[in-house]
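Participant: Mind looking over this structure? Questions follow.
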Amino acid sequence: MSRYGDETQLTFAGAAYDMSLLLGHYFRRHPVSSSTEVLAALEAVQGRSGVLGSFAFKDDPAFGKYYSYPIVAKRISNGVGVVVKQ
């Protein structure tokens, strides 16, 4: 927070962290993979636990491809995100 002056970047940082862990885990198990295999693995994600909650890949005809995370309001208390309302 001190670098940017607010918490608006935390959600993006959380999603980037979750994806980094996901890819790291995948490449440890499959060090030699084609781009097709990597994309298939990313699209197979369902109910994976992350810093932002449990997330899953979705392919919606109206909205396209994305990762679905729970939507919650959080308050930052002593550097930790605490759920305010769910």
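Participant: Do the conditions hold for LYS58, that is, is it loosely packed, with under 12 Cβ neighbours inside 10 Å and at pLDDT 95 or above?
Facilitator: It is false that LYS58 is loosely packed, with under 12 Cβ neighbours inside 10 Å and at pLDDT 95 or above.
Participant: While we're looking at this one, here's another question. What pairs come up if the first residue lies in segment 21-45 and is over 23 Å from SER68 (Cβ atoms), the second is in a helix (DSSP H, G or I) and of a type outside the set (Val, Ile, Thr), and their beta carbons are under 8 Å apart, counting only those six or more places apart or on different chains?
Facilitator: Listed by first residue and then by second, the contacts come to HIS30/GLU37; HIS30/ALA41; SER33/TYR26; SER33/PHE27; SER33/ALA41.
The values are calculated or read from the model by the stated rules, or taken from the named source; none is laboratory data. Computed from a predicted structure; not experimentally measured. Every residue, glycine as well, gets a Cβ built from its backbone with ideal geometry; the counts of neighbours run over all protein chains shown.
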